[in-house]
1. Mind checking Rg over Rh on region 141-289, alpha carbons, Kirkwood formula for Rh?
2. Under a Cβ-only charge scheme (Lys and Arg +1, Asp and Glu -1), can you give me the dipole magnitude of the chain about the Cα centre, in debye to the nearest 20?
3. For a quick protection proxy, order the peptides 238-245, 264-271 by their average other-Cβ count within 10 Å, most packed first.
4. Using θ = phi - 60° and the Karplus form 6.51 cos²θ - 1.76 cosθ + 1.60, what ³J(HN,Hα) does each residue of region 369-374 get, whole Hz, x for Gly and Pro?
5. Give the whole-number value, in cubic angstrom per residue, of the convex hull volume spanned by the C-alpha atoms of region 209-291.
6. Based on alpha-carbon centroids, what's the gap between region 184-226 and region 602-621 in Å, whole number please?
7. For the chain, with all protein chains present and a 1.4 Å probe, just round the carbon and sulfur fraction of the accessible area to a whole percent.
8. Determine the gain in length on full extension of the stretch T445-E622; use 0.36 nm per residue of separation and subtract their C-alpha separation, reporting nm with one decimal.
Amino acid sequence: MRLRRFPVADFPADRAFGVEIYSMAVRHARRGYRRRDVQGGTRCNVLASDSEAFVLCFSEPKIMKTTFRALLAASLCLLTGCNVSTNGGDVYLSDFLDSASAESDAVPAIRAAVAYCAKTGASRLVLPGGELRLRPDRAEEKYQFISNNDESLKRIAFDLEGMRDFTIEGAGTKLLFSGFISPFNLERCRNVTIRDLSIDYTRTFHSEGIVRAAGPGWLDVEFPGEYVCDLSDGCLRFLDDEGTVYPFSSLLEFDAVKREPAFHVDDYWLAKHTIVARQQPGGLVRIFRDDLKAGIGNVMVFGAARRLNPGFTISDSEGIAIRDVNLYHCGGMGVIAQRSRDIELHRLRVVPAPGKGRVISITADATHFVNCGGYIRLLDCTFENQKDDATNIHGLYMPVDSMTAPDRALLRWGHAGQYGVDFLVPGMRVEVVDNMNLETYAHLTVESVNRINKNYTEVKFAEPLPERAGKSHLIAADEDYPEVLVRGCRMSGNRARGLLLGSRGRIVIERNYFHIAGAAVLFEGDGNYWFEQSGVRDVSIRDNVFENCNYGSLGWGNACIAVGSGIPERRQSRYHRNIRIENNVFRGFDPRIVNLYCVDGFVFTDDNRIEHTDDYPYALGEIRRFVTEYCDGVELPEERTADSIK
């Protein structure tokens, strides 16, 4: 083995190494190091810059890995000691990876490659294509508070904290994860793109079984081999091949033919995160619950108990793009962004893994955006069969626990999904909101913030609190709401709703396809349970197709486009404003098109088309297309419900 250092200008064409080293060095200048297997069994590693190149060569094809890595590390140190960086060039994961690691656990190589990119200012990390296995054993570890997901100490494969002007070039690579590990974390990043890769897991966080028999209060379920299960204290338990337990907290029936939630089914929530069960002949498992029922041959989905491992976590970042990514599975939301701005998802496909027979893609919302600004763009995406909504865009309400001085308030998070998610900073303009009607009655400026713990924060304001402020009233940021564009997306087969819209920036929803079990578009916001700030101000919904929505649980929406805000005192509230629905096609069995309350300014133009289908039965008493209550400025076409019901 030889370690040689040459000025690039006089780098020799040395065939003693079995390759023209000079041309290799020039070709890979600014790329860090590139490993090559060359003629005669010689392996060379070139570390190149504009001025110098290092070559580490081995004449034996099977050199001890420890020696190789030690010398290569020394070469890297020597190179970086000369203040040489990639200056915006490419780094190749294959240079940190051998075939055994790719097939067992590529995470250590990924960590090394990302660290090298961060140190040298690389512009791209290029993945090798093919399939990489990733495990949590040697992954980065962080305790994370992620809004609307579960806090925990998490293992992370690609921890991109602090990266700037950087791209993960997937090159079609399939990332196959095992165990409780999160694929990507983007924290305090700027101008970062992730593109052209797929994400899946060897064992899903949920489980699926086929209903083979049913009786009063019981079901016999057959579990395919990938859903290993046993009984523990007379209750059902799921595991993976290594004995790791995968808890569940709900059941939901899916139609095995249509591959969607079964008609008008409800969730069975399991407070103890299990269900009484008994082994049956033929490998079946009988589960028991008094109200349990399902269709023979349908799929019963055992929903993951916690949202621990989102696909992409984006925090305090800007200029983030995710493009041409297939997200087949993860143990939480697909993309969750908080306190970030300027985010674009382009051709993100959240769908069940091809050829594996699953009815579920991921275990929670496809996308979710909390206290974000700038722009949010969902372009030509596909969101199918995830266990919750296609997107939810909102801010956060933090309730007042007590007022400790005329200009101070002790705030306490109202929902466990928001614990530790800090958003208040000095200088921020906030609104003060009555939790009973969600109307804003004052604005203040934050002067200082004292975070006491994950539950409590004390805030000092530049102005005194208003006299009417009291316990349970709400504090929320009132600045930099994102402009939202959802264009060319396809949404179908998932649990619950489609788009939950809550930004006060301009929102455009156009040229999408919706086949949603609940409401396709829901205007949310709540100050007493979810504590999600909403109140839209400028919404255009145009040129979309809404097909057979509201076929699922009756609790998932009462019209195709609806308000679902938690407003106890509605009469005077006008929480949502300026919504325009134009040139859409509503094709469905359910006559209920619009259901609104607490809206000021709503237009449903005459160029919308409403077409009736018999694809599902309709037996509800409500036959009105348009229902409004406590609204002003509503423009609707003439009601002709008798013509639309057969």
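The values are calculated or read from the model by the stated rules, or taken from the named source; none is laboratory data. Since we're looking at a predicted model, the values are computed, not measured. Methodologically, a virtual Cβ is constructed for each residue, glycine included, from the backbone with ideal geometry; neighbour enumeration extends over all protein chains shown. With ligands, DNA and RNA removed, areas are computed over all heavy atoms of the protein, side chains included. Shrake-Rupley method; radii C 1.70, N 1.55, O 1.52, S 1.80 Å.
1. Radius of gyration relative to Kirkwood radius: 1.06.
2. 1960
3. Final packing ranking: 264-271, 238-245.
4. So the J values, rounded to whole Hz, are 10, 10, 6, 9, x, x.
5. In region 209-291, the Cα hull volume divided by residue count equals 113 Å³.
6. Their Cα centres are 33 Å away from one another.
7. Ligands and nucleic acids excluded, carbon and sulfur reach 47 percent.
8. 59.1 nm
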